[in-house]
Amino acid sequence: TAAPVPSATPAGAPALPLRRDDPLDPPPALGLLREETPISRLAFPDGAEGWLLTRHEDVRAILADNRFSADRITASSPVRRVTFKPEDRPGLLLTMDPPDHTRLRRLLTPYFTTRRMQALAPRIEGIVDEHLDALRAAGPPADLVPAFTLPIPSLVICELLGVPYEDRARFHAWAATALSLTTTDEEVFAARDALTGYMRELVDAKRRDPDDGLLGVLIRGDNDLTDAELGGIGRLLLIAGHETTANMLSLGTLTFLNHPDQLAAFRADPGIADRAVEELLRYLTIIQFGTTRVALEDADVHGRRVRRGETLVLSLPAANRDPAHFDRPDELDVTRPPSQHVAFGHGIHQCLGQQLARVEMRIAFTRLFEGLPGLRLAVPADEVPMRHDMAIYGVHRLPVAWEE
Ligand code: HEM
């Protein structure tokens, strides 16, 4: 399946998205840039030009350097004409710099520790098993996206936050609109406003009657969070908490099915589940256009002068396939020792939900391949619709069958 959107112009500055040759590999042009032009000009859809960085070392260095701001509310987006509205700012951790970021991150970090997330494992196992039971009861074939990979992280984050799961049809649709490259700016803003309004109402309801979900706990807690911040935090966690993990689950399943030797190794030794999850994160790097930062001052990077106010795009997929950092980077090896992939970012914005995502992936992959023996694609591999058109890569549908 070819990317539906135009890719780089070899003559001028490249533009994202670049075309993939293989659905499980990053665009080959990223590899060439990484080799030859470690800092490249990049053309943005709004007409501005900025920079693209592709090397692991550089991506990590810039993500850890406070001369580059995460406040990109008014910066260029690598794939859209618009990004955020200033009203979207409260609670949007991803776009804040210290000290504002530090204040919110400190408040939230204790709720996402490894220990707390491990404690959710029995409930996550229960949710995974319920969905496997339903799949078996209905029998093959099935589309794993609506039946398994999307509902599991979605139900988990709803329970964690205290968001009614019955409302999922609405927020799944808003998220799909907001993350798509083919929707109009008006549609994106309308979806985001609808989600903001929904969260504000939920926060109002919980102010009156707080429950034990994280939003209720934050409302009751000894902190100075405003309603707008609470709504913003809820919105970010709800979307970041399900879209990402859902796509890792479906794309990871497709990847295992395409690499039977790796699936066999994974099934033979449950002890490597944690490594396998890290390797899938590295290999697939679903934040396919990377992340952006804005230069707060002029800076020299690889001999090029980055000007204050310019936008830098840090290609997480290119960094995670960098041969200068990873041995045999283009090979999927579920036994690979972990070595600082950047699939969750790096530095102060490194993914808040990473421990939750890891627990969900470990449980879901392990139980899926145990619970549906002989799992296979129900369509030819090249007919699986890939998410070329979405900020978070993955599959739109995953038709599978298994032995009953
Ligand atoms: C930040 C990826 C799952 C919540 C990030 C960043 C990346 C990322 C790359 C950093 C972005 C940047 O620096 O600009 C992923 C992937 C996931 C995942 C690949 C799944 C496999 C989750 C989950 C949650 C979550 C399950 C919620 C429970 C967040 C939040 C931030 C973040 C709140 C912003 C942190 C900050 O700015 O301090 N994620 N994420 N993510 N993620 Fe995740």
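Considering only region 205-278, give the helices (runs of 4 or more DSSP H) lying wholly within it that have at least 2 residues that are without any contact (Cβ under 8 Å) to a residue 12 or more places away in the chain.
Passing ranges, in order: 260-268.
Please determine whether any residue of region 44-58 is away from the ligand (no atom under 16 Å from the Cβ), in contact with a Gly (Cβ under 8 Å, 6 or more places away or on another chain), part of a loop (DSSP other than H, G, I, E, B) and closer than 25 Å to LEU179 by Cα.
Yes, region 44-58 has at least one match.
Out of PRO122, PRO98, I need the residue that is within 30 Å of LEU296 (Cβ to Cβ), more than 10 Å from the ligand (Cβ to nearest atom) and over 21 Å from the mean Cα position of the chain (by Cα). Which one?
Every option except PRO98 fails the conditions.
Among residues belonging to region 326-383 that are aliphatic (A, V, I, L, M), within 17 Å of GLY394 (Cα to Cα) and surrounded by fewer than 20 Cβ atoms within 10 Å (Cβ to Cβ), point out the one that is farthest from the ligand (Cβ to nearest atom).
It comes out as VAL379.
What single numbered condition from (1) more than 23 Å from VAL128 (Cα to Cα); (2) within 11 Å of the ligand (Cβ to nearest atom) fails to hold for GLY303?
For GLY303, the failing item is (2).
Take the residues in region 214-272 that are charged (D, E, K, R) and crowded, with 22+ Cβ neighbours inside 10 Å; name whichever of them is nearest to VAL395 (Cα to Cα).
The residue in question is GLU243.
Can you pull out every residue in region 66-84 that is under 22 Å from THR184 (Cα atoms) and within 21 Å of the chain's Cα centre (by Cα)?
Of everything in region 66-84, those that are under 22 Å from THR184 (Cα atoms) and within 21 Å of the chain's Cα centre (by Cα) turn out to be ARG72, ILE73, ALA75, SER76, SER77, PRO78, VAL79, ARG80, ARG81, VAL82, THR83, PHE84.
Please determine whether any residue of region 107-124 is free of Cβ contacts under 8 Å to residues at least 40 places away in the same chain, part of a helix (DSSP H, G or I), among the hydroxyl-bearing types (Ser, Thr, Tyr) and surrounded by fewer than 16 Cβ atoms within 10 Å (Cβ to Cβ).
Looking for residues that are free of Cβ contacts under 8 Å to residues at least 40 places away in the same chain, part of a helix (DSSP H, G or I), among the hydroxyl-bearing types (Ser, Thr, Tyr) and surrounded by fewer than 16 Cβ atoms within 10 Å (Cβ to Cβ), one finds none in region 107-124, hence no.
Quick one: which residue in GLY232, GLY216, GLY241 is more than 15 Å from the ligand (Cβ to nearest atom), touching a helix residue (DSSP H, G or I) at 6+ places or on another chain (Cβ under 9 Å) and under 23 Å from GLY353 (Cβ atoms)?
GLY216
Read the figures in this text as sums done on the coordinates, not as results from a lab. Being a predicted model, the structure only gives us computed values, none of them experimental. Reconstructed Cβ throughout: ideal geometry from the backbone, glycine too, with neighbour counts over all protein chains shown.
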